[in-house]
Structures are given as C-alpha cells and as structure tokens.
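Let me begin by presenting the structure, written as structure tokens, before commenting on it.
The values are calculated or read from the model by the stated rules, or taken from the named source; none is laboratory data. As the structure is a computational prediction, the values presented were derived from the model and not from experiment. Using ideal geometry, Cβ is built from the backbone for each residue, glycine included, and neighbour counts are taken over all protein chains shown. Just so you know, the surface numbers come from the protein's heavy atoms only, side chains and all, with ligands and any DNA or RNA stripped out. Shrake-Rupley method; radii C 1.70, N 1.55, O 1.52, S 1.80 Å.
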Amino acid sequence: MYIVLLGPPGAGKGTQAQRIASATKLVHISTGDMFRENVKNQTELGKLANEYMAKGELVPDEVTIKMLLERISRDDAKAGAMFDGFPRNVVQARALDEALKSNGTRVDHALLISVADAELIARLGGRWICRNCGKLYHERNDPPKTPGVCDACGGELYQREDDRPEVVRARLEKQKPPAALIDHYRAAGVLKEIDGERSLDDVTASLLEAIR
Ligand code: AMP
C-alpha cells in the first residue's frame, strides 16, 4: 500500500506519518528528513538543498525526484510506503505515478490534513529543537521549563532556520499543497480530507480509518 500525506507545513504531517507508518508497518519516506540528513552530512546534495530550504523554498523538482526515485527503488519500499512531504506539486506526483505504475502499483490513498492559516502560523513560529538531543518543544503548547534550555538534557534550544517567523509566512504561501495537486488525487479517486485542528490522537484515528 502506498500512501501520500498532504498538508501545509505545520499540519502535523511528520508526526502523523510516523504514527501511520508504525501502525501499518510501512516504511516512512520523508523527503524533508532526507534533505536534512544530507545537509547535516554536508553532502553535495545537502549543500544544494540548503540554499532553498533556508529560504523556505522548495528544492528543484529534478533534484527531489531523482532522490525519491532512488529511495523507492530499495527493497524496503517494494511492498509500500508512507510518503511524507512528497509530492509537493503535480510534476512530482506524475513522477511518482510513473514509477509506481512500472511496478504495477499506485498511490492507494492521498490523505490531506487541513488546518487554517492563522493556526498554522501560531504552530510553526513556536517550534524549538534541542541542538543536543533533538527533543521538540513548542512555545505555546509544550514549552521547556526554562526558555532556551532542554528539559531532558540541558542542551541549547534553537529554531530550525525555516521555522523562523519571517520565513514561516513565506513558506506557508509557497508550500501549501497547490490546488492542482489536490485535484490530481481527487481525479484519481484516492483523496480524503482530514480535519487537522483536533488532538493528535483524533487526527491519527481519522487517518487510520481513512485507509482501512
Ligand atoms: P519538510 O520537512 O517536509 O517541511 O521539508 C523541509 C524542506 O525540505 C522544505 O521546506 C523544502 O525546502 C525541502 N523539501 C522537502 N520535500 C520536498 C519536496 N518534495 N520538493 C521540494 N522540496 C522539498
């Protein structure tokens, strides 16, 4: 089973994708994680991707599609996958369709997590990460006991470059799933919309229900 998770940045895609992947035993493929890993390891791909990521822009399709196709050609993605952050546009969606078609498979479910803009800006602007252990915090929903310091390990908290408020608005505008992408999956008869302004558990339950 191949599942595509769609939604604007801050809709909780990453968290839900992990939950769905573990509930379904599907491999979780996040292009954002793959790019961040490359940035961390200072690969050529990482250097290139970072030029776009730091500005809240999408990495060019050619680069992203090549990386994704290589990833889904591996054995662990043969039986299915949970895609998170891919596709972001119709060009990417078509590339995925083609690749799956050549294996006799297809995208079975496209799940759209929807959240209003105002809520997204509040959520995204407040995210902090521990530089040492990676633990996530949120200014409003899950603040650390001492601002700027990790409760778990005492490490320094930082904001992902693309979570800074000025980048957030630009990123939202540029990275909302385009209407054409949503239409692409609606036309294929696989689109389901899930209300993302509820508790994490409720959203997970709706997503699992949608793919049953
Ligand atoms: P994410 O973790 O999905 O929010 O992705 C973080 C950043 O990685 C995005 O802001 C983009 O710059 C880049 N990125 C991730 N996935 C894609 C994709 N499918 N196409 C283009 N850029 C992507």
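Relative contact order of segment 1-129, please, whole-number percent, based on alpha carbon pairs below 8 angstrom and at least 6 residues apart.
Details: 149 pairs, mean separation 59.5, N = 129.
This gives 46 percent for segment 1-129.
Which of Gln92, Pro143, Leu48 sits closest to the plus end of the dipole of segment 1-154, meaning its Cα is farthest towards the positive end, when Lys and Arg get +1 and Asp and Glu get -1 on the C-beta?
Pro143
Hey, how many Å between the Cα centroid of segment 153-212 and the Cα centroid of segment 71-101?
18
Return the FRET efficiency for the residue pair Ser102, Ala152: r is the Cβ-Cβ distance, R0 is 41 Å, and the value is rounded to the nearest 0.05. Don't jump to the answer; show the numbers that get you there.
Details: r = 45 Å, r/R0 = 1.10.
Computed FRET efficiency for Ser102 and Ala152 comes out at 0.35.
Taking only C-alpha pairs under 8 Å that are 6+ residues apart, what is the relative contact order of segment 101-145 in percent?
Details: 20 pairs, mean separation 9.8, N = 45.
Averaging sequence separation for qualifying contacts and normalising by length gives 22 percent for segment 101-145.
Using θ = phi - 60° and the Karplus relation 6.51 cos²θ - 1.76 cosθ + 1.60, list the HN-Hα couplings for segment 74-85 in order, rounded to whole Hz, with x at every Gly or Pro.
Whole-Hz 3J(HN,Hα) from phi for segment 74-85: 6, 4, 5, 9, 5, 8, x, 6, 10, 8, 10, x.
For Glu173, put the label point 7 Å out on the Cα→Cβ axis and report which residues of segment 92-132 keep their amide N under 16 Å from it.
Inside the label zone: 117-118, 121.
Quick one: length gained pulling Glu193 to Arg94 fully straight, 0.36 nm per residue minus the C-alpha distance? Please report the intermediate quantities before stating the final value.
On the way: separation 99, 0.36 × 99 = 35.64 nm, distance 2.05 nm.
Gain in length upon complete extension: 33.6 nm.
Compute the signed sum of charges (Lys and Arg +1, Asp and Glu -1) over the other residues within less than 13 Å, Cβ to Cβ, of Ile29. It would help to have the intermediate numbers written out before the result.
Working: positive: Lys13, Arg71, Arg74, Lys78; negative: Asp33, Glu37, Glu70, Asp76, Asp84.
My count for the surroundings of Ile29 gives -1.
Considering only DSSP states other than H, G, I, E and B, which trypsin sites (Lys or Arg not before Pro) in segment 1-57 qualify as loop sites with at most 11 other Cβ atoms within 10 Å? If you can, show how the numbers build up before the last one.
Working: sites: Lys13, Arg19, Lys25, Arg36, Lys40, Lys47, Lys55; in loops: Lys25, Lys55.
Answer in residue order: Lys25.
How large is the dipole of segment 34-86 about the Cα centre if only Lys and Arg carry +1 and Asp and Glu carry -1, each at its Cβ, rounded to the nearest 20 debye?
Working: 8 positive and 10 negative charges, 25 e Å.
With Lys and Arg at +1 and Asp and Glu at -1, about 120 debye.
Please report how many Lys pairs in the chain have alpha carbons closer than 19 angstrom, counting only residues at least 8 apart along the chain or sitting on separate chains.
17
Take the alpha carbon gyration tensor of segment 138-212, find the square roots of its eigenvalues, order them as a ≥ b ≥ c, and report rounded if a/c is under 1.5; if not, report prolate when a/b exceeds b/c, else oblate.
On the way: a/c = 3.63, a/b = 1.69, b/c = 2.15.
Oblate shape, in that a/c is at least 1.5 and b/c is the bigger or equal ratio.
Using Cα-Cα distances under 8 Å and only pairs 6 or more residues apart, what relative contact order does segment 106-212 have, in percent? Intermediate values should be presented prior to the final figure.
Working: 113 pairs, mean separation 37.3, N = 107.
Relative CO of segment 106-212 lands at 35 percent.
Run the dipole for segment 55-108 about the Cα centre, Lys and Arg Cβ at +1, Asp and Glu Cβ at -1, nothing else charged, and hand back the magnitude in debye, nearest 20. Display every interim value, and only then the final one.
Details: 9 positive and 10 negative charges, 9 e Å.
Dipole of segment 55-108, to the nearest 20 debye: 40 debye.
What's the carbon and sulfur percent of the chain's accessible surface, probe 1.4 angstrom, rounded to a whole number?
Working: 5560 of 10970 Å².
Ligands and nucleic acids excluded, carbon and sulfur give 51 percent.
Take Lys25 and Asp76, extend 7 Å from each Cα along the Cα→Cβ direction, and tell me the distance between the two endpoints in nm.
Between Lys25 and Asp76, the label points sit 1.5 nm apart.
Which value, in Å², gives the accessible area per residue of segment 1-40 when a 1.4 Å probe is used on the protein heavy atoms? All intermediate terms of the calculation are to be shown ahead of the outcome.
On the way: 1520 Å² over 40 residues.
The answer is 38 Å² per residue.
Grab the Cα-Cα distance for Ser114 and His138, subtract it from 0.36 nm times how many residues apart they are, and report the gain in nm with one decimal. Can you show the working numbers first?
Working: separation 24, 0.36 × 24 = 8.64 nm, distance 1.99 nm.
So the extension gain works out to 6.6 nm.
Taking just the alpha-carbon atoms of segment 63-212, what radius of gyration and Dmax come out, in angstrom?
When restricted to Cα atoms, segment 63-212 yields Rg and Dmax of 18.0, 53 Å.
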